[in-house]
Amino acid sequence: MVETLIDRCPRVETERLVLRKWEMRDLDGLIKLNTDPRVLEFFRKRPNAEESEEALKRAIQRQDENGFCLPVVEDKETGDFLGFCGLNVPSYGELLPCEPCVEIGWQLIPEAWGRGIAVEAAKFWLGFGFDTLGLDEVVAFTVIQNHNSRRVMEKLGMSFDPAGNFDFPGVPVEHPLCRHVLYKLSKKMYLERENG
Ligand SMILES: CC(C)(COP(=O)(O)OP(=O)(O)OC[C@H]1O[C@@H](n2cnc3c(N)ncnc32)[C@H](O)[C@@H]1OP(=O)(O)O)[C@@H](O)C(=O)NCCC(=O)NCCS
């Protein structure tokens, strides 16, 4: 069902971007993303080239199963790989307190930061999630101190309730990357925002 829906728009253009599914040709871009310490400041894992290839294969498999998996963001003018942004069904090994849910997430190469690219891509995927997939809610989460990511959530109109903060399963509580914030956007809030 979801696959049928997403296959109506496997490649989408926004003002400055191409949003599309993962392909094996994205491996170099993914390795660049996964080996940049600025991108990984708030991540515990540092995937090497081999692990990135495994992750790419898993992403392709998951987009076949779910219809989406944190889709690719490309520069429309140059065709350059900028990173990824979009919807995902979490599968982090251990269950998160917000599951079952659909999350929205993003990672961009630093050269692309500060130009509202994550917001531009995320806005399309939120619309797709609510209008086409018929989702009732989309969530986003990150470590408390990831200011840039939280700014994107705020710009998208997602709501934050400190009571929703959670410790990421499997991470020692004293680890600085354990405590996470949870933002939510309901379909109702999305429609209210869209309709002014
Ligand atoms: C989070 C991320 C996707 C934001 O994407 P973006 O397209 O740059 O988002 P924006 O342009 O809206 O900028 C968001 C905030 O980042 C900060 N920022 C902007 N340009 C920046 C730059 N060149 N360097 C560092 N931070 C910058 C600003 O605080 C900005 O907020 P503001 O617009 O209110 O000033 C990007 O920073 C990123 O890929 N970070 C690393 C991966 C990551 O942490 N992902 C989230 C995991 S949950």
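Scanning segment 169-179 finds no residues that are more than 11 Å from the ligand (Cβ to nearest atom), buried (at least 18 other Cβ atoms within 10 Å of the Cβ) and modelled with pLDDT of 95 or more.
Evaluated against (1) closer than 21 Å to LYS45 by Cβ; (2) more than 15 Å from the ligand (Cβ to nearest atom); (3) not in a loop (DSSP other than H, G, I, E, B), TYR190 falls short on exactly one condition, (1). Of the residues making up segment 107-116, none is of a type in the set (Gly, Ala, Ser) and more than 9 Å from the ligand (Cβ to nearest atom). Mind checking which residues of segment 15-30 are within 15 Å of the ligand (Cβ to nearest atom) and surrounded by 18 or more Cβ atoms within 10 Å (Cβ to Cβ)? Hits for segment 15-30 are LEU17, LEU19, GLY29, LEU30.
Contact map, segment 182-196: first residue at pLDDT below 95, second residue surrounded by 11 or more Cβ atoms within 10 Å (Cβ to Cβ), Cβ cut-off under 7 Å, separation 6 or more or different chains; pairs are ARG193/GLY157.
The values are calculated or read from the model by the stated rules, or taken from the named source; none is laboratory data. What you see is a predicted model, and the numbers here were worked out from it, not measured in a lab. Cβ: placed from backbone, ideal geometry, glycine included. Neighbour counts: every protein chain shown.
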